[in-house]
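Inspection log for the structure reproduced underneath, given as structure tokens.
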Amino acid sequence: MALSIPFFDYPRVFTDDRDKLIRIFTDIGERGAFILQKDVSEFEHSLTVSTKSRHCVGVANATDGLELCWMEVGIQPGDEVIISSHTMLATASAIATLGGVPVPVDIGPDGLMNPDAVEDAITPRTIGLSPTQLNGRTCEMDRILSIADKHGLAIVEDSAQALGSMFDGRYAGTFGRSGVISFFPAKILGSLGDGGAILTQDSGAYARLQELHNHGLDASGTVQSWGRNSRLDNLQAAVLSFKLELLPDAISRRRQIASMYQEQLGHLEQLSLPPDPGSDPRHFDTYQNYELVAEKRDSLRAHLAQRGVGTLVQWGGKAVHQFPSLGFSVSLPAVEAYFEGCLMLPMNTFISDDDVGFICETVRGFYGE
């Protein structure tokens with residue numbers, strides 16, 4: 001039988017914990033606890049504890065969360081928000097949907113928003129920054145915070161891929177006015193469908209976000225403004241509470257896999273790997289993804305596929321500013337070079353040490369070793 005190592009084994013999100021999940025389904029169903037029940041508030045509280053945040057609002061998905069955050073900031077048509085071009089389209093669309101103008105900038109050596117590029121992109125119309133905490137790594141937030149403070153800009157973090165990641169001992173999603181987490185099934189904390197959460201340290205922002213995500217209703221049930229229906233499903237909240245207990249072990253395993261990749265592939269001159277765990281004491285990376293840059297990327301990917309190894313080129317191999325239909329005309333050399341070679345190897349708790357060894361052996365074989 002041919003070896004098969006999928007990039008992500010979606011059925012195992014359910015099958016690995018089948019009995020526990022069925023008990024959760026049964027409990028929710030028998031209680032009729034489907035919308036905004038105690039399971040949501042309990043999960044929100046647990047997430048604030050886990051991330052050392054002050055407040056949490058569960059939402060239907062992370063894209064909604066980003067839109068709600070910018071609504072809370074008060075974005076107006078024509079307002080500019082600076083983003084990294086190496087991000088999911090939702091970072092930009094959340095701004096554009098509300099009439100704002102996403103301004104993509106270049107990346108640094110780690111693939112994240114380059115603070116120097118941020119400074120250069122600020123105009124009189126700039127009202128905010130949306131750094132993407134990507135692949136389980138947090139940006140250099142000290143520099144980004146300094147720029148935001150200097151120019152009076154709001155920060156909304158796209159931390160969809162960075163739950164548990166830290167910079168200088170502080171968790172992704174807790175640096176700005178607000179930050180968004182995704183619970184897409186393949187995320188480090190994945191639900192059985194869509195789901196997201198907003199973290200905020202500001203009590204006023206929290207109260208406003210609570211209204212916005214539930215039809216504009218305040219805590220007393222009085223309509224205070226227009227809002228929308230973007231509530232974290234109660235069943236997903238119960239599942240996430242269970243999985244949150246397993247998060248430390250999941251992060252530990254991902255960091256172990258990252259170390260194995262580094263040990264077995266780090267000497268190859270044809271590859272540029274993510275930073276090794278512990279290589280920078282300011283960063284604690286959780287390795288939501290393992291994204292490297294490879295020479296002959298497409299041929300390497302085909303070679304891995306022929307041997308049963310699934311890989312992924314993130315976002316179809318294009319940075320945000322490279323989608324012509326969106327009207328961008330900027331040239332960003334670093335991110336463009338990055339996307340010529342970026343490739344994600346399997347990184348999840350379903351793969352074994354032997355799987356990692358086979359993947360690395362296959363990569364080395366491609367480069368003639």
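The values are calculated or read from the model by the stated rules, or taken from the named source; none is laboratory data. Because the structure is a prediction, the values reported are computed rather than measured. Note that we place each Cβ from the backbone using ideal geometry, even for glycine, and neighbour counts take in every protein chain shown. The accessibility values were calculated without ligands, DNA or RNA, using every heavy atom of the protein model including side chains. Shrake-Rupley method; radii C 1.70, N 1.55, O 1.52, S 1.80 Å.
Points to keep in mind about this one:
- Test result for Tyr367, open to solvent by less than 30 Å² (accessible area, probe 1.4 Å), among the hydroxyl-bearing types (Ser, Thr, Tyr) and either over 21 Å from the mean Cα position of the chain (by Cα) or closer than 17 Å to Asn135 by Cβ (or both): no
- Subset of the range 35-75 [among the charged types (D, E, K, R), open to solvent by 40 Å² or more (accessible area, probe 1.4 Å) and in a helix (DSSP H, G or I)]: Lys38, Glu42
- Qualifying residue in the range 290-308 (condition: open to solvent by 50 Å² or more (accessible area, probe 1.4 Å), in a loop (DSSP other than H, G, I, E, B) and in contact with a helix residue (DSSP H, G or I) (Cβ under 6 Å, 6 or more places away or on another chain)): yes
- The residues in the range 310-348 that are assigned to a loop (DSSP other than H, G, I, E, B), buried (at least 18 other Cβ atoms within 10 Å of the Cβ) and not hydrophobic (A, V, I, L, M, F, W, C) can be counted, and the count is 3.
- Sole residue being touching a Pro at 6+ places or on another chain (Cβ under 7 Å), of a type in the set (A, V, I, L, M, F, W, C) and closer than 30 Å to Gly99 by Cβ, chosen from Val81, Val13, Val57: Val81
- Which numbered condition Arg12 misses (of (1) open to solvent by 40 Å² or more (accessible area, probe 1.4 Å); (2) part of a strand (DSSP E or B)): (2)
- Cβ-Cβ distances below 7 Å connect the following pairs, each with a first residue in the range 63-92 that is within 15 Å of Pro131 (Cβ to Cβ), a second residue that is at pLDDT below 95 and open to solvent by 20 Å² or more (accessible area, probe 1.4 Å), and a separation of six or more residues or different chains: Met88/Trp315.
- When the range 152-211 is filtered for residues that are open to solvent by 20 Å² or more (accessible area, probe 1.4 Å), among the acidic types (Asp, Glu) and either at negative phi or under 11 Å from the mean Cα position of the chain (by Cα) (or both), the ones remaining, listed by number, are Asp194, Asp202, Glu211.
- Residue pairs whose Cβ atoms lie under 6 Å apart, sitting 6 or more positions apart in sequence or on different chains, and linking a residue in the range 345-369 that is farther than 13 Å from Gln256 by Cα and among the hydroxyl-bearing types (Ser, Thr, Tyr) to a partner that is open to solvent by less than 40 Å² (accessible area, probe 1.4 Å) and assigned to a loop (DSSP other than H, G, I, E, B), are Tyr367/Leu268.
- Count of residues meeting criterion [basic (Lys, Arg) and over 19 Å from Pro281 (Cα atoms)] in the range 131-178: 2
- Unmet criterion (only one of (1) touching a Cys at 6+ places or on another chain (Cβ under 9 Å); (2) touching a residue at least 60 places away in the same chain (Cβ under 8 Å); (3) surrounded by fewer than 18 Cβ atoms within 10 Å (Cβ to Cβ); (4) of a type in the set (A, V, I, L, M, F, W, C)) for Leu265: (3)
- Here the range 110-138 is the region considered, the condition is being touching a helix residue (DSSP H, G or I) at 6+ places or on another chain (Cβ under 8 Å) and either aromatic (Phe, Trp, Tyr) or in a loop (DSSP other than H, G, I, E, B) (or both), and the residue that is farthest from Asn348 (Cα to Cα) is Ile122.
- Selection status of Met88, of a type in the set (A, V, I, L, M) and under 16 Å from the mean Cα position of the chain (by Cα): yes
- Residue identified as at pLDDT below 95 and within 21 Å of Asp298 (Cβ to Cβ) among Phe323, Phe366, Phe339, Phe328: Phe323
- Tally of residues being touching a helix residue (DSSP H, G or I) at 6+ places or on another chain (Cβ under 7 Å) and charged (D, E, K, R) across the range 151-193: 3
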